[in-house]
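To start, the structure under review is shown below, and the notes come after it.
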Amino acid sequence: MAQNDLDLAALVSSRICHDLISPIGAINNGLELLNMSGASPIGPEMQLICDSVKSASARIRFFRIAFGAASDDPVVRNEVTSILTEMFDGGRLAVQWGPVDIQTRKAVRCAFLTILCLETAMPFGGQIRVSSSRSSWEIVGKSDKFSNIDVLWNESSLSNTSAKMSPTHVQFSMLRTAANDEDLDLRLKRSPKEISILF
């Protein structure tokens, strides 16, 4: 994926996320008003709708940072942890966000894309830990069982921006291009129960 292709894809993603977040937010507000008025008691069906809307909203906010247009604008820790908590709440995958300092949107984009890459390799669940120090990052995924995606999880695939990807694995191509844009050196460490990406 060339840089101009990344820019165009990011703008399209930002537009889609922007247009979707409004109606989903309206649905969430409507559900809250129904709950406050007592017109619709919270039963299992209504709870399922509430949980689904909350998850969809968090996922769109996540995608807006991961795939949308990036900048040096700051992203505060509370925003990041709120998105991650709502996105992975109750699922098999737990994500721990370590950085306490305010990060740039570009840096968080690379971290979010890495989380998506690790999520692809961890369908059976596990833990992802994100840490940073002096502008260097380490994102570690731990699981008892990883998906066997050797073509994606090797040094050449992380550095080869010309590799073709399916829609399911577009985050790998986006991560490589975004890292190249920031002059970041992606490094990979693998063991039977752990995958680490450093940049």
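If you average the C-alpha positions of region 102-130 and of region 24-38 separately, how far apart do those two centres end up, in angstrom?
Using only Cα atoms, the two centres lie 31 Å from each other.
Quick one: helix 44-67 against the long Cα principal axis of the chain, what's the angle to the nearest 10°, folded into 0 to 90?
30 degrees
For Lys106, which aspartates and glutamates qualify as cross-link partners when the Cα separation must be under 14 Å and same-chain residues fewer than eight apart are set aside?
List returned: Asp7, Asp72, Asp73, Asp181, Glu182, Asp183.
Label Ile49 and Ile21 with points 7 Å out from Cα along Cα→Cβ: what is the distance between them in nm?
Label-label distance for Ile49 and Ile21, simple model: 2.4 nm.
So for region 40-180: antiparallel DSSP bridges make up what percent, rounded to the nearest 5?
Values: 9 of 14 bridges.
Here the share of antiparallel DSSP bridges comes out near 65 percent.
Anyone know which of Pro167, Pro74, Pro23 comes out most mobile in the 10 Å Cα GNM of the chain?
Highest fluctuation among the options: Pro167.
List the aspartates and glutamates whose Cα lies under 18 Å from the Cα of Lys189, skipping any in the same chain that are fewer than 8 positions away.
Candidates past the 8-residue exclusion: Glu119, Glu138, Asp144, Asp150, Glu155.
Would you mind checking the tilt of helix 3-37 against the longest principal axis of the Cα atoms of the chain, expressed as 0 to 90 degrees and rounded to 10?
Taking the Cα atoms of the chain, the angle to 3-37 is about 20 degrees.
Specify the residue with the greatest mean-square fluctuation among Leu31, Leu188, Leu48, computed from a Gaussian network of the chain linking alpha-carbon atoms under 10 Å apart.
Among Leu31, Leu188, Leu48, the largest GNM mean-square fluctuation belongs to Leu48.
Select from Leu33, Leu186, Leu152 the residue whose mean-square fluctuation is largest in a Gaussian network model of the chain (Cα-Cα springs shorter than 10 Å).
Leu33
Compute the helix-to-body angle for 170-181: its Cα long axis versus the longest principal axis of the chain, expressed 0 to 90° and rounded to tens.
Taking Cα atoms only, the helix is inclined about 60 degrees.
May I ask you to derive the FRET efficiency for Ile102 and Asp185 from their Cβ-Cβ distance with R0 = 30 Å, giving the value to the nearest 0.05? Walk me through the numbers on the way to the answer.
Working: r = 24 Å, r/R0 = 0.78.
It comes to 0.80.
Any idea how far apart Met36 and Asp72 come out in nm if each label point goes 7 Å out from Cα toward Cβ?
Each label point is offset 7 Å from its Cα along the Cβ direction, giving 4.1 nm.
Every number here is computed from the coordinates shown, using simple stated rules; none is lab data. On a predicted model such as this, the values are computed, not experimentally measured, just so you know. Cβ: placed from backbone, ideal geometry, glycine included. Neighbour counts: every protein chain shown.
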